[in-house]
Amino acid sequence: MPFPLNIDPQQILLHWMNLAILTGGLYFLLYKPVKQFMDKRTAHYQELENQAADKLAQAEQLRAQAQAKLEAADDEIHDERMRAQQAAQQAAQERLAQAEEQAGRMIAKAKVEAEQSRERALRESQREVRELAAKAARKLAAKPGDDIFDKFLDLAEEGGAHEGR
């Protein structure tokens with residue numbers, strides 16, 4: 001029994017089987033290996049991305065540790081600077097105290113020396129006055145007829161002129 005339009009059911013069935021075999025063959029020969037390759041490639045890139053994320057996390061952690069170390073170093077430097085400033089200030093205060101003490105000793109010594117010098121000058125001037133008075137008395141006693149007060153003044157003038165030279 002012929003089908004209209006010259007359609008042969010056996011030919012249609014053969015074409016369907018041919019199509020199924022071709023589809024199955026292409027699936028096993030092309031689709032499945034390409035799909036596996038793509039899955040492996042996707043897994044590989046996913047693994048690379050995970051490694052990069054891990055390395056990024058490690059780098060971030062290292063950066064945070066380095067930042068913490070830098071802050072600790074900054075704090076340590078600040079503390080050391082403060083200790084150095086305090087030590088310098090203390091040394092300066094000690095030197096100032098020593099200088100003030102030395103200045104006080106120098107002033108006291110100068111006062112003592114000035115007092116001794118003043119006393120020595122006073123003793124010398126008293127000695128010279130006594131010597132002048134003794135000379136005047138001897139000269140006055142040597143001439144009995146002269147006015148004693150005038151002779152005393154003359155001798156005093158001679159002594160002043162003598163010292164001025």
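Restricting to segment 1-21, and then to whatever is part of a helix (DSSP H, G or I) and open to solvent by 100 Å² or more (accessible area, probe 1.4 Å), can you tell me which residue is modelled with the lowest pLDDT? The selected residue is LEU5.
Checking segment 33-55 against the condition returns no match, with no residue being among the aliphatic types (A, V, I, L, M) and open to solvent by 100 Å² or more (accessible area, probe 1.4 Å).
The values are calculated or read from the model by the stated rules, or taken from the named source; none is laboratory data. Please read these numbers as outputs of a predicted model, since none were measured by experiment. Just the protein is used for accessible areas: all its heavy atoms, side chains included, with ligands, DNA and RNA removed. Shrake-Rupley method; radii C 1.70, N 1.55, O 1.52, S 1.80 Å.
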